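Single-structure report; data block below.
The values are calculated or read from the model by the stated rules, or taken from the named source; none is laboratory data. On a predicted model such as this, the values are computed, not experimentally measured, just so you know. Methodologically, a virtual Cβ is constructed for each residue, glycine included, from the backbone with ideal geometry; neighbour enumeration extends over all protein chains shown. Calculation scope for accessible area: heavy atoms of the full protein, side chains included, ligands and nucleic acids excluded. Shrake-Rupley method; radii C 1.70, N 1.55, O 1.52, S 1.80 Å.
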Amino acid sequence: MSEQGVFPSILTQPSTDDLSRPFWEASVAERLVAPRCTNCGTFRLPAPPICFVCQHRDVEWVELPGTGTVYSFTIVRHPLSKMLNEAVPYAAGIVELDGTQGAGARMIANIVECDVETLKIGDRVEIVWEHVSDEMAAFRFRPIPA
Ligand SMILES: [Zn+2]
């Protein structure tokens with residue numbers, strides 16, 4: 001099933017490791033968490049094995065408010081597969097997350113419940129979750145009404 005503006009969830013089970021498992025476990029509780037370097041405080045999401053600022057390995061998982069700002073986006077108008085025939089046009093965006101330093105902790109996500117013709121960089125958005133299984137909730141963002 002598909003609806004216009006919504007990129008359908010494909011996965012129902014996250015493929016996890018130590019650097020991603022906390023994110024997906026929190027998703028089921030509709031909590032957005034991100035790894036923060038315990039040495040320099042830099043958020044890195046998704047998490048590389050070492051900090052790109054100080055090369056430290058250890059992180060602590062911090063809950064974020066789940067809000068942010070559209071940093072960039074594109075509107076997909078041509079379906080690249082049949083499963084997207086009803087989804088186009090949809091917005092694929094990069095969201096700068098509140099509570100982080102920005103670069104290095106941005107999320108790429110479908111922006112839903114928006115008019116793709118008026119969406120703009122700088123719009124405020126909030127995360128929304130879709131429970132696709134007992135182990136995973138997919139994330140998207142939607143505009144926060146002004
Ligand atoms: Zn660091």
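What are the residues in the stretch 29-38 that are assigned to a strand (DSSP E or B) and within 9 Å of the ligand (Cβ to nearest atom), if any? Before the answer, list the steps.
Going through the stretch 29-38, the residues assigned to a strand (DSSP E or B) turn out to be 32-37.
Within the stretch 29-38, ARG36, CYS37 meet the criteria.
Could you tell me which residue of the stretch 94-115 is most open to solvent (accessible area, probe 1.4 Å), considering only residues that are among the aliphatic types (A, V, I, L, M) and touching a Phe, Trp or Tyr at 6+ places or on another chain (Cβ under 7 Å)?
From the stretch 94-115, those among the aliphatic types (A, V, I, L, M) are 94-95, 97, 103, 105, 107-109, 111-112; that's our starting set.
Then drop every residue that is not touching a Phe, Trp or Tyr at 6+ places or on another chain (Cβ under 7 Å), which leaves 94-95, 105, 109, 111.
On the way: ILE94: 56, VAL95: 0, ALA105: 0, ALA109: 8, ILE111: 2 Å².
Looking at the filtered set, the residue picked out is ILE94.
Which of the numbered conditions does GLY41 fail, given that it passes all the others? Conditions: (1) open to solvent by 60 Å² or more (accessible area, probe 1.4 Å); (2) within 16 Å of the ligand (Cβ to nearest atom); (3) assigned to a loop (DSSP other than H, G, I, E, B).
(1)
I want to confirm something. Restricting to the stretch 74-88 and keeping residues that are of a type outside the set (Ser, Thr, Tyr) and loosely packed, with under 14 Cβ neighbours inside 10 Å, which single residue is nearest to ARG124 (Cα to Cα)? Before you say what the answer is, go through the steps one by one.
Initial filter on the stretch 74-88 (of a type outside the set (Ser, Thr, Tyr)): 75-80, 82-88.
So of that shortlist, the ones also loosely packed, with under 14 Cβ neighbours inside 10 Å come out as 77-78, 80, 82-83, 85.
Working: ARG77: 23, HIS78: 26, LEU80: 28, LYS82: 31, MET83: 29, ASN85: 28 Å.
By that ranking, first place goes to ARG77.
Can you pull out the residues in the stretch 1-43 that are of a type in the set (Asp, Glu) and touching a strand residue (DSSP E or B) at 6+ places or on another chain (Cβ under 6 Å)? Break it down into steps so the answer makes sense when it comes.
Just the residues of the stretch 1-43 that are of a type in the set (Asp, Glu), to begin with: 3, 17-18, 25, 30.
Listed by number, the list holds a single entry, GLU30.
Between GLN55, GLN101, which is on the phi < 0 side of the Ramachandran plot and within 16 Å of the ligand (Cβ to nearest atom)? Show your work before the answer.
On the way: GLN55 fails: on the phi < 0 side of the Ramachandran plot.
Of the residues listed, the single one that is on the phi < 0 side of the Ramachandran plot and within 16 Å of the ligand (Cβ to nearest atom) is GLN101.
Which residue, of PRO46, PRO22, PRO14, is free of Cβ contacts under 8 Å to residues at least 40 places away in the same chain, outside any strand (DSSP E or B) and surrounded by 17 or more Cβ atoms within 10 Å (Cβ to Cβ)? First the steps, then the outcome.
On the way: PRO46 fails: surrounded by 17 or more Cβ atoms within 10 Å (Cβ to Cβ); PRO14 fails: free of Cβ contacts under 8 Å to residues at least 40 places away in the same chain.
Sole residue among the options that is free of Cβ contacts under 8 Å to residues at least 40 places away in the same chain, outside any strand (DSSP E or B) and surrounded by 17 or more Cβ atoms within 10 Å (Cβ to Cβ): PRO22.
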